[in-house]
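The values are calculated or read from the model by the stated rules, or taken from the named source; none is laboratory data. Values in this document were obtained by computation on a predicted structure and should not be read as measured data. Counting neighbours? That spans all protein chains shown, and the Cβs are built from the backbone with ideal geometry, glycine included. What goes into the accessible areas is simple: the full protein's heavy atoms, side chains included, and nothing from ligands, DNA or RNA. Shrake-Rupley method; radii C 1.70, N 1.55, O 1.52, S 1.80 Å.
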Amino acid sequence: MATGIKDKVAILGMGCAQFGERWDTDSSALMREAFDEALADAGIERSQIEAGWYGSALDNVNVGNSPIPASTALRLDGIPFTRVENMCATGTEALRGAAYAVASGAVDIAVAIGAEKLKDTGYGGLPIPFKGTFNDMWMPMGSSPAGFAQLAAGYRAKHGMSKEDLKRGMAHVSWKSHQNGVSSPKAHLRKAVPMETIINAPMISEPLGLFDCCGVSDGAACAIVTTPEIARALGKKELVTVKAIQLAISSGIESQMNTWDGSHVRNTRSAATRAYKEAGITDPRTQLNLIEVHDCFSITELVTMEDLFISKEGKAVNDILDGFYDADGQVPCQIDGGLKCFGHPIGATGLRMAYEVYSQLLGRTGERQISSPSMGLTHNLGGVPYQGIACISILGLA
Amino acid sequence: MADFGIKRFGGYVPRLRIDRSLIADAHRWMAPNLRGQAKGARAFASWDEDAVTMAVEAGRDCFNGRPSDAIEAVYLASTSLPYADLQHAALVASALDLPTAIASNDAGYSQRAGTSGLLQALKVGEEALFIASDAPVAKPASTQELSYGAGAAAFLLGTGDDVVARLLGAASVTAPFVDHFRAARERYDYFWEERWVRDEGYAKLAPQAIAQALSKAGIAENDLTHFVMPSLQRGAADAVAKKIGFAGKPADGLAECVGYAGTAHALLMLAHVLETATAGDRILLVGFGQGADALVFEVTAAIGNAQPRNGVSGAIANGIATDSYLRMLSFYDGIDLEWGMRSEKVAKTALTEQYRSGSQIDALIAGKCGTCATIQFPRLEYCVNPDCNAPASQFEDYSLVDEPSQVFTYTADWLSFHPAPPLYVGFVQFDNGARILMEVVDVGPDGLEVGTPLKLTYRIKERDRARGFNRYFWKAAPAGVVGA
């Protein structure tokens, strides 16, 4: 019977590059920024790292295939290094690989690094992915917002909600993140945005307007993990340990059967259920002190509040409008501004979220620091709500 | 050939319409005299419609859901087919889920490919599906840009008690009369003087063929009930009708709402006439172009049992008015617009995969699980039902093209590259439980909502402009007022 990885892995150090339109910086330099900070935080030498996981989603606007460019950029010689790609959950997937390696006892110290250089596409938004020789013959080629916008129609139909009421809840999601982003120095966008600007923005994919969508930016983040014992031996007093990392991928049920109601993301619920069990969480609404969720679009964050079992079904809008997830609410969500303000350099995002939770747990976040958190969650969603990848990590003080 | 003829018929006209006045207004600065022809509306093919997709729709209208196992051949006539050496009839047959053990052929290179092809198919005497489909393209600011339209007509030919129109007789004349031409690599037609075409062409060649056909049919001019002759020229059909002594009113040329559908037009008019024809009616069908064809049919009592699904009338009634001339121009590549970098996506098709996926993609054949009865598209290796997961070897074919469905989710996507923005996309929920993410087309001003009834339509899924290859697939459209 598997026992999970709870408290078997400690985060020794983390780093995060400055996110944004990094016109003069390439992927290698972004990785270097994140890696240098993580290495200094960990207090180890490069030569002590025994294995690496590199997350990058788009090889054509990054460094290419394989982990070789990453191991070359970081000058990590001769160790096992793996490139992982799990769509928008890629960053957390890299962390999962490194954590599992340490938890298994295979290595003592492993690095997870994720980077993406989206501003090299030449336009805003994500490139259109190739879906395979068969799928490209029948699947409509909608954009990412088009995939998630369909949740809004499904959610309205399920809960009998008006377009206006749902849009108000969605707008508060974006408004809150922009408020939080102001005190987040590494965020790409750091400007508060008035509610009416959000509501009246040009349409991207109905009902998602411009401010319902996260930005596109460049970024990288890095984690160095080890066992709690080694971390203490290396002089770490306050430890952040991994309480759980769980991943759930769709088998096509949502998009091929009529059992899914269109209002939620099944895989988030699967991953959350398993992650809570692994971490020993029975009441996420009171036990989680902060969360960083995949707010690629405002509607995504809204339904995620229900999929993480924090808000009751059909009641996320109420909690959101009540300020439950605001910086001064009971469970602050996107205290750093989220994807909304950081943008979504895909390979980096999950690790960027972990960086915020890690930093908050250690009381390092200055102006936006919340009062003595002990448990935080990160959540990524890759693909589309009806055929996707959900990855959840829970980090806490040991 | 007395007992052989048309058993079923159907038609299709693209739903998009534009008032001719909008076209004329756009060109008024340089061609003010176009205004004189700017009456009524014309149909135009959407960016994802062509002679192949219209042929499939006409074929579906003709079959009206009835099985077609007895078919021995499928023929397609057109002068606006997308390929130079790829047989389009085979594409149409696959989309219509016809048996593979049939003959097939394309007819083209002639304005009377429709009537000549139909006559040839009738002479062969096999049960066959004959379709004429055309979306002729006219040069911007030409008179043809106003008069052209698009459409397709389909006829199931055969013998038996269910023949609705027997061929009594037919004749052709052939002459090197060049009223207009389109060079093999050119996009647009080049026309000669109208009055010469009318007086020396239509008025002299058509009556020769008609006289012979009537003689073979053993009837006289005044035995005819319907005179069906397409013409690009106003009044040409009336002049020929008058010249041969036809006493009635020539059949509706569909100029008011469809426009001239090229080589399909004669057959489109015939399908339209058959909708209201009654037993005993005699129909003269004339095709013109480097000569003329004349076919004489007699309508039988079976006409009462053979109505198309929507018919030409239904297609005409189901139009969607558009308000932008530039939209139409863009759809037929008459203007080179900046679509942005997103339009640069590589759309290359793996022909191996296309052939392998066969009827799944072409005819939207889902799999019905032999264990749990879940209907699923695409059909992958195991049943999607998590309580079943039976292997696909237990699946039976299940066509989804005529199954009732409605909108389950939707959005209007303004970000993706789409030739007719926004891209409407969402899940189509079939009443039988199947669910597919599909593009939704022909969305009118009312938009979509969860629960909007849908019907499926065969379209170009994506055009690979770099290699000139179309991917065809099915899309959903609001069911509209007709054929829901």
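Sort out for me the strands (runs of 3 or more DSSP E) sitting completely within region B:379-461 that have 2 or more residues that are closer than 21 Å to B:Asn318 by Cα, open to solvent by 20 Å² or more (accessible area, probe 1.4 Å) and touching a Leu at 6+ places or on another chain (Cβ under 7 Å).
Working: elements: B:396-399, B:405-407, B:411-413, B:423-430, B:435-440.
Once the strands (runs of 3 or more DSSP E) in region B:379-461 are filtered for at least 2 residues that are closer than 21 Å to B:Asn318 by Cα, open to solvent by 20 Å² or more (accessible area, probe 1.4 Å) and touching a Leu at 6+ places or on another chain (Cβ under 7 Å), nothing remains.
In region A:173-210, which residues are acidic (Asp, Glu) and in contact with a helix residue (DSSP H, G or I) (Cβ under 7 Å, 6 or more places away or on another chain)?
A:Glu206
Would you confirm whether any residue within region A:115-123 is assigned to a strand (DSSP E or B), hydrophobic (A, V, I, L, M, F, W, C) and surrounded by 17 or more Cβ atoms within 10 Å (Cβ to Cβ)?
Here is the first cut: in region A:115-123, the residues assigned to a strand (DSSP E or B) are A:115-117.
Imposing the further condition that a residue be hydrophobic (A, V, I, L, M, F, W, C) reduces the set to A:115.
Keeping just the survivors that are surrounded by 17 or more Cβ atoms within 10 Å (Cβ to Cβ) gives A:115.
Within region A:115-123 (the criterion being assigned to a strand (DSSP E or B), hydrophobic (A, V, I, L, M, F, W, C) and surrounded by 17 or more Cβ atoms within 10 Å (Cβ to Cβ)), the answer is yes, since at least one residue qualifies.
Hey, can you tell me all the residues within region A:44-55 that are over 14 Å from A:Ala73 (Cα atoms) and open to solvent by less than 30 Å² (accessible area, probe 1.4 Å)?
Filtering region A:44-55 for residues over 14 Å from A:Ala73 (Cα atoms) gives A:44-45, A:47-51.
Once the filter is applied, which keeps residues that are over 14 Å from A:Ala73 (Cα atoms) and open to solvent by less than 30 Å² (accessible area, probe 1.4 Å), region A:44-55 yields A:Ile44, A:Ile49, A:Ala51.
Here's the yes/no breakdown for (1) touching a Phe, Trp or Tyr at 6+ places or on another chain (Cβ under 8 Å); (2) free of Cβ contacts under 8 Å to residues at least 60 places away in the same chain:
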{"position": "A:Leu12", "(1), (2)": "no, no"}
{"position": "A:Gly20", "(1), (2)": "no, no"}
{"position": "A:Leu39", "(1), (2)": "no, no"}
{"position": "A:Ala42", "(1), (2)": "no, no"}
{"position": "A:Ser47", "(1), (2)": "no, yes"}
{"position": "A:Glu50", "(1), (2)": "no, no"}
{"position": "A:Trp53", "(1), (2)": "yes, no"}
{"position": "A:Cys88", "(1), (2)": "no, no"}
{"position": "A:Gly91", "(1), (2)": "no, no"}
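Within region B:326-381, restricting attention to residues that are in contact (Cβ under 8 Å) with a residue 24 or more places away in the chain and of a type in the set (Lys, Arg), which residue is nearest to B:Arg435 (Cα to Cα)?
Only one residue tops the list, namely B:Lys368.
What pairs come out if I take residues in region A:56-75 that are open to solvent by less than 30 Å² (accessible area, probe 1.4 Å) and pair them with residues that are modelled with pLDDT of 95 or more and aromatic (Phe, Trp, Tyr) whose C-beta lies under 6 Å away, six or more apart or interchain?
A:Pro67/A:Tyr54; A:Pro67/A:Phe81; A:Ala70/A:Tyr54; A:Ser71/A:Phe81; A:Leu74/A:Phe35
Out of region A:343-360, which residues are among the polar types (S, T, N, Q) and either closer than 17 Å to A:Glu33 by Cβ or outside any helix (DSSP H, G or I) (or both)?
Here is the first cut: in region A:343-360, the residues among the polar types (S, T, N, Q) are A:349, A:359-360.
The answer is A:Thr349, A:Ser359.
Could you tell me which of the residues A:Ala157, A:Ala201 is within 13 Å of chain B (Cβ to nearest Cβ), surrounded by fewer than 22 Cβ atoms within 10 Å (Cβ to Cβ) and either in contact with a Lys or Arg (Cβ under 9 Å, 6 or more places away or on another chain) or not in a helix (DSSP H, G or I) (or both)?
Working: A:Ala157 fails: either in contact with a Lys or Arg (Cβ under 9 Å, 6 or more places away or on another chain) or not in a helix (DSSP H, G or I) (or both).
Going through A:Ala157, A:Ala201 in turn, the sole match is A:Ala201.
Please pick out the residue among B:Ala247, B:Ala251, B:Ala302 that is open to solvent by 10 Å² or more (accessible area, probe 1.4 Å), part of a helix (DSSP H, G or I) and not acidic (Asp, Glu). Can you show your working first?
On the way: B:Ala247 fails: part of a helix (DSSP H, G or I); B:Ala251 fails: part of a helix (DSSP H, G or I).
The conditions single out B:Ala302.
If we keep just the residues of region B:333-378 that are basic (Lys, Arg), farther than 20 Å from B:Phe430 by Cβ and not in a loop (DSSP other than H, G, I, E, B), which is nearest to the other protein chains (Cβ to nearest Cβ)?
B:Arg342
Of the residues in region B:297-340, how many are closer than 16 Å to B:Val13 by Cα and among the basic types (Lys, Arg)?
Adding up the residues that qualify gives 1.
Could you list, in sequence order, the residues of region B:255-282 that are surrounded by fewer than 24 Cβ atoms within 10 Å (Cβ to Cβ) and within 16 Å of the chain's Cα centre (by Cα)? Talk me through it step by step, then tell me what you get.
Within region B:255-282, the first condition is being surrounded by fewer than 24 Cβ atoms within 10 Å (Cβ to Cβ), and the residues that meet it are B:255-257, B:273, B:275-282.
Within region B:255-282, B:Cys257 is the sole residue that qualifies.
Would you check which residues across region B:172-215 are hydroxyl-bearing (Ser, Thr, Tyr) and within 27 Å of the chain's Cα centre (by Cα) and list them?
Taking region B:172-215 and keeping what is hydroxyl-bearing (Ser, Thr, Tyr), we get B:172, B:174, B:188, B:190, B:202, B:215.
The answer is B:Ser172, B:Thr174, B:Tyr188, B:Tyr190, B:Tyr202.
So B:Gly10 ticks every box in (1) surrounded by fewer than 19 Cβ atoms within 10 Å (Cβ to Cβ); (2) modelled with pLDDT of 95 or more; (3) within 21 Å of B:Gln307 (Cβ to Cβ) but one. Which box is left unticked?
Every condition holds for B:Gly10 apart from (1).
Within the bounds of region A:169-180, is there any residue that is buried (at least 20 other Cβ atoms within 10 Å of the Cβ), touching a Gly at 6+ places or on another chain (Cβ under 9 Å), of a type outside the set (Gly, Ala, Ser) and at the interface with chain B (Cβ under 9 Å from one of its Cβ atoms)?
Looking through region A:169-180, none of the residues is buried (at least 20 other Cβ atoms within 10 Å of the Cβ), touching a Gly at 6+ places or on another chain (Cβ under 9 Å), of a type outside the set (Gly, Ala, Ser) and at the interface with chain B (Cβ under 9 Å from one of its Cβ atoms).
What is the residue count in region A:204-226 for residues that are under 24 Å from A:Ala327 (Cα atoms), in a strand (DSSP E or B) and within 14 Å of chain B (Cβ to nearest Cβ)?
Of the residues in region A:204-226, 3 are under 24 Å from A:Ala327 (Cα atoms), in a strand (DSSP E or B) and within 14 Å of chain B (Cβ to nearest Cβ).
Quick check, is A:Ser183 in contact (Cβ under 8 Å) with a residue 24 or more places away in the chain and farther than 21 Å from A:Leu126 by Cα? Explain how you work it out, then say what you get.
Details: in contact (Cβ under 8 Å) with a residue 24 or more places away in the chain: yes; farther than 21 Å from A:Leu126 by Cα: yes.
Taking the combined requirement at face value, the residue satisfies it.
Mind checking whether some residue in region B:148-159 is outside any strand (DSSP E or B), under 25 Å from B:Val56 (Cα atoms), touching a strand residue (DSSP E or B) at 6+ places or on another chain (Cβ under 9 Å) and open to solvent by 30 Å² or more (accessible area, probe 1.4 Å)? Quick ask: steps written out before the conclusion?
Step one: filter region B:148-159 for residues outside any strand (DSSP E or B), giving B:149-150.
Retained after the next criterion (residues that are under 25 Å from B:Val56 (Cα atoms)): B:149-150.
Checking which are touching a strand residue (DSSP E or B) at 6+ places or on another chain (Cβ under 9 Å) leaves us with B:149-150.
Okay, now just the ones that are also open to solvent by 30 Å² or more (accessible area, probe 1.4 Å), so none.
So far as region B:148-159 goes, no, none of its residues is outside any strand (DSSP E or B), under 25 Å from B:Val56 (Cα atoms), touching a strand residue (DSSP E or B) at 6+ places or on another chain (Cβ under 9 Å) and open to solvent by 30 Å² or more (accessible area, probe 1.4 Å).
So is A:Val303 within 16 Å of the chain's Cα centre (by Cα), over 25 Å from A:Ile5 (Cβ atoms) and open to solvent by 20 Å² or more (accessible area, probe 1.4 Å) or not? First the steps, then the outcome.
Numbers: within 16 Å of the chain's Cα centre (by Cα): yes; over 25 Å from A:Ile5 (Cβ atoms): yes; open to solvent by 20 Å² or more (accessible area, probe 1.4 Å): no.
The answer is no for A:Val303.
Looking only at region A:241-280, count how many residues are in a loop (DSSP other than H, G, I, E, B) and either modelled with pLDDT under 95 or buried (at least 23 other Cβ atoms within 10 Å of the Cβ) (or both).
Residues of region A:241-280 in a loop (DSSP other than H, G, I, E, B): A:250-252, A:257-265, A:280.
With the extra rule that they be either modelled with pLDDT under 95 or buried (at least 23 other Cβ atoms within 10 Å of the Cβ) (or both), the set shrinks to A:262, A:265.
Counting residues in region A:241-280 that are in a loop (DSSP other than H, G, I, E, B) and either modelled with pLDDT under 95 or buried (at least 23 other Cβ atoms within 10 Å of the Cβ) (or both) gives 2.
Would you check which residues across region A:1-43 are assigned to a loop (DSSP other than H, G, I, E, B), farther than 30 Å from A:Lys131 by Cα and open to solvent by less than 10 Å² (accessible area, probe 1.4 Å) and list them?
Initial filter on region A:1-43 (assigned to a loop (DSSP other than H, G, I, E, B)): A:1-9, A:17-19, A:21-26, A:43.
Next cut, farther than 30 Å from A:Lys131 by Cα only: A:1-9, A:17-18, A:24, A:43.
Answer for region A:1-43, where residues must be assigned to a loop (DSSP other than H, G, I, E, B), farther than 30 Å from A:Lys131 by Cα and open to solvent by less than 10 Å² (accessible area, probe 1.4 Å): A:Val9, A:Ala17.
Check B:Val425, B:Val384 and return the single one that is among the hydrophobic types (A, V, I, L, M, F, W, C) and in contact (Cβ under 8 Å) with a residue 12 or more places away in the chain.
Being among the hydrophobic types (A, V, I, L, M, F, W, C) and in contact (Cβ under 8 Å) with a residue 12 or more places away in the chain holds for just one of B:Val425, B:Val384, which is B:Val425.
How many of the residues making up region B:437-475 are under 23 Å from B:Asp50 (Cβ atoms), at the interface with chain A (Cβ under 10 Å from one of its Cβ atoms) and of a type in the set (A, V, I, L, M)? Before the answer, list the steps.
Restricting attention to region B:437-475, the residues satisfying the condition of being under 23 Å from B:Asp50 (Cβ atoms) are B:438-444, B:454-475.
Filter once more, keeping what is at the interface with chain A (Cβ under 10 Å from one of its Cβ atoms): B:438-440, B:461-462, B:471-475.
When the remaining residues are screened for being of a type in the set (A, V, I, L, M), the result is B:438, B:440.
The total comes to 2.
Those residues that are open to solvent by 20 Å² or more (accessible area, probe 1.4 Å) and without any contact (Cβ under 8 Å) to a residue 24 or more places away in the chain, I need them from region A:139-154; list them, please. Let's see the steps before the verdict.
Here is the first cut: in region A:139-154, the residues open to solvent by 20 Å² or more (accessible area, probe 1.4 Å) are A:139, A:141-142, A:144.
Listed by number, the residues that qualify are A:Met139, A:Met141.
Out of A:Ser143, A:Ser177, A:Ser183, A:Ser162, which single residue is polar (S, T, N, Q) and at pLDDT below 95? Write out each step before concluding.
Details: A:Ser177 fails: at pLDDT below 95; A:Ser183 fails: at pLDDT below 95; A:Ser162 fails: at pLDDT below 95.
When all the criteria are applied, what remains is A:Ser143.
Counting only residues that are aliphatic (A, V, I, L, M), assigned to a loop (DSSP other than H, G, I, E, B) and either crowded, with 21+ Cβ neighbours inside 10 Å or more than 7 Å from chain B (Cβ to nearest Cβ) (or both), how many does region A:124-138 have?
Narrowing region A:124-138 to residues aliphatic (A, V, I, L, M): A:126, A:128, A:137.
Now drop any that are not assigned to a loop (DSSP other than H, G, I, E, B), which leaves A:126, A:128.
Restricting the remaining residues to those that are either crowded, with 21+ Cβ neighbours inside 10 Å or more than 7 Å from chain B (Cβ to nearest Cβ) (or both) gives A:126.
Going through region A:124-138 one residue at a time, the tally reaches 1.
Give the residue, chosen from B:Leu437, B:Leu423, B:Leu454, B:Leu448, that is more than 19 Å from A:Ala146 (Cα to Cα) and among the hydrophobic types (A, V, I, L, M, F, W, C).
Numbers: B:Leu437 fails: more than 19 Å from A:Ala146 (Cα to Cα); B:Leu423 fails: more than 19 Å from A:Ala146 (Cα to Cα); B:Leu448 fails: more than 19 Å from A:Ala146 (Cα to Cα).
Exactly one residue qualifies, and that residue is B:Leu454.
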